[in-house]
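The values are calculated or read from the model by the stated rules, or taken from the named source; none is laboratory data. Note that the structure is a prediction, hence the values are computed from the model and not measured. Positions of Cβ are generated from backbone atoms using ideal geometry, with glycine treated the same way; all protein chains shown enter the neighbour counts.
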Amino acid sequence: MGEKITLSVIKADVGGFVGHSTVHSELLETAKQELAKSKELVDFFVGSVGDDINLIMTHKKGVDSEDIHQLAWNTFLACTETAKKLKLYGAGQDLLSDAFSGNVKGMGPGVAEMEFEERKSEPVIVFMADKTEPGAWNLPLYKIFADPFNTIGLVIDPKMHQGFKFEVQDLIHNKKVTFNCPEEIYDMLVFIGAPGHYCIKSVHTKDGEIAAVSSTQRLNLTAGRYVGKDDPVCIVRCQSGLPAVGEVLEPFANPHLVSGWMRGSHTGPLMPVAMKDASPSRFDGPPRVVALGFQLAEGKLVGPQDFFADVGFNKARDLANDVANYLRRLGPFEPHRLHLDEMEYTTMPDVMKKLKDRFQDI
Ligand code: F6R
Ligand code: MG
Ligand code: MG
């Protein structure tokens, strides 16, 4: 057995430029300088989508390493200082505590990490989204690992034919359950079809090899007040008995509807874009997803390949814009506006209080 490598993606919004639209280049510079000082990392890449900084790091310390989480935390603190200096919007917004307590989980940042033995060739894709929530990965992960209409490998690759295991988390009650697929897809769909409540946390092969992992932090639940949507990340390993790169990207050719967008309170299409186009502006959106491909070479991140820059996703973007136009015409009406239970901001309690004496029994 070779030495294992850990791929950690830790992200946070510590200040937007302008408003909540992008990350200022000085913040990315600060992040790079901080990570470059580390002796623990094998390699790193600093990515961004919308107003979120994504620290993509490789190391040998395993998942939930205090050292790596501390490094990410300190990096976000340094970026916050830069953001404050530039008076960027919402400087430090995702750092919910003053003191680091050993793990960034529950402290604001989103985390997806996996540890594995690097294969002879190790292609991975890091997905990063803005203006949406962790459940946004449910539909694509289902398609990638359980839907033969998306992933032909499930049908014709003998190494994939037996299917995959999905860990699903109940984010409201903090419970988890594992489904064997394809045997239990109908049971699983009952849950993952409600992505605001149930999230796919990870996917493993039937032999227990890690294939995908997502961030499932719900900042708004963590913070107990609105501090922004949870703008999730997801890592997927590809090829040689796992879905091919093209099978992993394919679900994003049909921009599915996700929760988020303006004020975290709307339904909108998840638009696949290149990193340079990941600046949500229209109605603070529409929600974006970037896919960065890397080949790992002894932990070195060879890349990125900015997959959604491909003209093959032009029609997906056109469709997302058409869907956005259609939904925007609904204004403050559901289902464009989220159902009351899911709204991140709501004036309902105050309006209710004001009108309470005017409501009469029918
Ligand atoms: C959504 C988001 C933005 C803000 C909106 C209002 O996740 O970040 O749509 O909710 O721009 O922001 P504030 O309340 O900071 O003025
Ligand atoms: Mg923001
Ligand atoms: Mg964001």
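Looking across the stretch 297-327, the residues that are more than 30 Å from Thr58 (Cβ to Cβ), among the hydrophobic types (A, V, I, L, M, F, W, C) and over 21 Å from the mean Cα position of the chain (by Cα) come down to Val311, Leu319, Val323, Leu327. Evaluated against (1) surrounded by fewer than 17 Cβ atoms within 10 Å (Cβ to Cβ); (2) within 16 Å of ligand 1 (Cβ to nearest atom), Ser48 falls short on exactly one condition, (1). Looking at the stretch 108-116, is at least one residue farther than 19 Å from Met275 by Cα, away from ligand 3 (no atom under 16 Å from the Cβ), crowded, with 16+ Cβ neighbours inside 10 Å and hydrophobic (A, V, I, L, M, F, W, C)? Yes, some residue in the stretch 108-116 is farther than 19 Å from Met275 by Cα, away from ligand 3 (no atom under 16 Å from the Cβ), crowded, with 16+ Cβ neighbours inside 10 Å and hydrophobic (A, V, I, L, M, F, W, C).
Return the residues of the stretch 16-32 that are part of a loop (DSSP other than H, G, I, E, B), under 15 Å from Lys85 (Cβ atoms) and near ligand 2 (Cβ under 10 Å from one of its atoms); say none if nothing qualifies. Of everything in the stretch 16-32, just one residue is part of a loop (DSSP other than H, G, I, E, B), under 15 Å from Lys85 (Cβ atoms) and near ligand 2 (Cβ under 10 Å from one of its atoms), namely Val23. Those helices (runs of 4 or more DSSP H) of the stretch 107-209 in which at least 2 residues are within 21 Å of the chain's Cα centre (by Cα) and either of a type in the set (A, V, I, L, M, F, W, C) or at pLDDT 95 or above (or both), considering only elements entirely within it, cover 138-146, 185-192. Counting only strands (runs of 3 or more DSSP E) that sit wholly inside the stretch 228-278, not one has at least 2 residues that are at positive phi. Checking the condition within 16 Å of ligand 3 (Cβ to nearest atom) and crowded, with 18+ Cβ neighbours inside 10 Å, which residue from Leu95, Leu171 passes? Only one candidate passes the filter, namely Leu95. Pairs are defined by a Cβ separation below 7 Å, a sequence spacing of at least 6 or placement on different chains, a first member in the stretch 41-54 that is among the charged types (D, E, K, R) and away from ligand 2 (no atom under 16 Å from the Cβ), and a second member that is in a strand (DSSP E or B) and modelled with pLDDT of 95 or more; the pairs so defined are Asp43/Thr58; Asp43/Lys300; Asp43/Leu301. Of the residues making up the stretch 299-340, those that are free of Cβ contacts under 8 Å to residues at least 24 places away in the same chain, part of a helix (DSSP H, G or I) and more than 30 Å from Asp43 (Cα to Cα) are Asn314, Asp318, Asp322, Asn325, Tyr326, Leu340.
So which residues in the stretch 341-362 are more than 30 Å from Asn54 (Cβ to Cβ) and assigned to a helix (DSSP H, G or I)? Passing the criteria: Met348, Pro349, Asp350, Val351, Met352, Lys353, Lys354, Leu355, Lys356, Asp357, Arg358.
Given the residues Ala83, Ala72, which is the only one that is crowded, with 20+ Cβ neighbours inside 10 Å, over 20 Å from the mean Cα position of the chain (by Cα) and touching a residue at least 12 places away in the same chain (Cβ under 8 Å)? Selected residue: Ala83, the only one of Ala83, Ala72 that is crowded, with 20+ Cβ neighbours inside 10 Å, over 20 Å from the mean Cα position of the chain (by Cα) and touching a residue at least 12 places away in the same chain (Cβ under 8 Å).
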